[in-house]
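The values are calculated or read from the model by the stated rules, or taken from the named source; none is laboratory data. All of these numbers come straight from a predicted model, not from anything done at the bench. Cβ sites come from the backbone with ideal geometry, for glycine too, and all protein chains shown count toward neighbours.
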Amino acid sequence: MKVEIGKLKLEKQNMLTLNQAQEQVDNWIKKHGVRYFSELTNMAILTEEVGEVARIMSRKYGEQSSKKSDTCDLEEELADVLFVLICIANQTGVDLTSAFRKNLEKKTKRDKTRHKQNKKLK
């Protein structure tokens, strides 16, 4: 069974929950990474990875031109961001599923009519 999410068409059996992703990252760290980097180091790595996403976005969707040395693998860079974000969540004790649900509820209460009334979005 396929599920459509934005421009994605995913096989339902291949979907991964946030909790499963947190567990897989933790297992990978224990098996291959020896230990988590410090929280501050991971924050710096996250910033670096988000910068790589920004570079790709500015060149692919913005006005900035590409360099010959540029790699434009948005999928890989987004996965790098997600991996480090999960590392930070794991090492600080954040349940991403619970945090995401709370965040979506907050956004829904705050913004349920705001965007529909925004003339710039029509």
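What number of residues within segment 48-70 are surrounded by 11 or more Cβ atoms within 10 Å (Cβ to Cβ), hydroxyl-bearing (Ser, Thr, Tyr) and under 20 Å from the mean Cα position of the chain (by Cα)?
1
Hey, any hits in segment 80-88 for a residue that's within 18 Å of Val25 (Cβ to Cβ), charged (D, E, K, R) and surrounded by 17 or more Cβ atoms within 10 Å (Cβ to Cβ)?
Scanning segment 80-88 turns up at least one residue that is within 18 Å of Val25 (Cβ to Cβ), charged (D, E, K, R) and surrounded by 17 or more Cβ atoms within 10 Å (Cβ to Cβ).
So the check is Cβ under 8 Å with 6+ separation or different chains; which pairs have a first residue in segment 1-28 that's over 16 Å from Asp80 (Cα atoms) and touching a residue at least 12 places away in the same chain (Cβ under 8 Å) and a second one that's assigned to a helix (DSSP H, G or I) and β-branched (Val, Ile, Thr)?
Here the result reads Thr17/Thr97; Asn19/Thr97, each pair linking segment 1-28 to a residue that is assigned to a helix (DSSP H, G or I) and β-branched (Val, Ile, Thr).
Is it true that some residue in segment 88-95 is over 17 Å from the mean Cα position of the chain (by Cα) and modelled with pLDDT under 95?
no
Here's the yes/no breakdown for (1) in a helix (DSSP H, G or I); (2) closer than 18 Å to Gln22 by Cα:
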position: Arg55; (1), (2): yes, no
position: Arg59; (1), (2): yes, no
position: Lys68; (1), (2): no, no
position: Cys72; (1), (2): no, no
position: Ala79; (1), (2): yes, yes
position: Leu82; (1), (2): yes, yes
position: Ile86; (1), (2): yes, yes
position: Gln91; (1), (2): yes, yes
position: Val94; (1), (2): no, yes
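When you look at Asp73, is it closer than 30 Å to Lys2 by Cα and modelled with pLDDT of 95 or more, yes or no?
It is false that Asp73 is closer than 30 Å to Lys2 by Cα and modelled with pLDDT of 95 or more.
Please pick out the residue among Leu16, Leu10 that is exposed (fewer than 15 other Cβ atoms within 10 Å of the Cβ), not polar (S, T, N, Q) and not in a loop (DSSP other than H, G, I, E, B).
Leu10
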